[in-house]
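Novice: So that we are looking at the same thing, I have put the structure below in structure tokens.
The values are calculated or read from the model by the stated rules, or taken from the named source; none is laboratory data. All values reported here derive from a predicted model rather than from experimental measurement. A quick note on method: Cβ atoms are made from the backbone with ideal geometry, for glycine too, and the neighbour counts reach across all protein chains shown. Accessible surface is based on the protein model in full, side chains and every heavy atom, while ligands, DNA and RNA are left aside. Shrake-Rupley method; radii C 1.70, N 1.55, O 1.52, S 1.80 Å.
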Amino acid sequence: MIAMDIRRDDLSGPEIRALLEEHLRSMRSISPPESVHALDLEGLRRPAVTFWTVWSGDELLGCGALKELDRRHGEVKSMRTPNARRREGVGRAILSHIIQVARSRSYDRLS
């Protein structure tokens, strides 16, 4: 199992910008336009959104975000792992982190 470091991220690095561009391209290619709910960089920088990246040393392994819809309801946003790093537990790690944070915020619902 690879060592993973989950960090809160300000979305300023070129690696995360590239991964999010890949994410948006993919979502647009597989979903009808009205069903693409992925946020762009500005959407992910809004105060209601907390964004994390997953790293192994200097390598970006993935990302995910939690958007507060109201004080009792959060929404998982922008989970992505680069194609080359799939099936290594990165998605599971970031989702587990997001769920843990949602619990610490006392959300009754997580979408």
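Novice: Give me a count of the residues in region 80-94 that are touching a Gly at 6+ places or on another chain (Cβ under 7 Å) and open to solvent by 60 Å² or more (accessible area, probe 1.4 Å).
Specialist: Of the residues in region 80-94, 0 are touching a Gly at 6+ places or on another chain (Cβ under 7 Å) and open to solvent by 60 Å² or more (accessible area, probe 1.4 Å).
Novice: Follow-up question, since we're still on this one. Do any residues in region 30-54 that are over 15 Å from Asp10 (Cβ atoms) and open to solvent by less than 50 Å² (accessible area, probe 1.4 Å) have Cβ atoms under 7 Å from those of residues that are modelled with pLDDT of 95 or more and not hydrophobic (A, V, I, L, M, F, W, C), where the two are at least six apart or on different chains, and which pairs are they?
Specialist: Matching pairs, first to second residue: Ala48/Lys67; Ala48/Glu68.
Novice: Identify, please: which residue in region 48-83 is under 16 Å from Ile16 (Cβ atoms) and among the small types (Gly, Ala, Ser) and is, among those, modelled with the lowest pLDDT?
Specialist: So the residue we want is Ser78.
Novice: Within region 66-79, restricting attention to residues that are hydrophobic (A, V, I, L, M, F, W, C) and touching an Asp or Glu at 6+ places or on another chain (Cβ under 9 Å), which residue is least open to solvent (accessible area, probe 1.4 Å)? Spell out the reasoning first.
Specialist: So in region 66-79, the residues hydrophobic (A, V, I, L, M, F, W, C) come out as 66, 69, 76, 79.
This time we only want the ones that are touching an Asp or Glu at 6+ places or on another chain (Cβ under 9 Å), so: 66, 69.
Numbers: Leu66: 0, Leu69: 79 Å².
If we take residues in region 66-79 being hydrophobic (A, V, I, L, M, F, W, C) and touching an Asp or Glu at 6+ places or on another chain (Cβ under 9 Å), then Leu66 is least open to solvent (accessible area, probe 1.4 Å).
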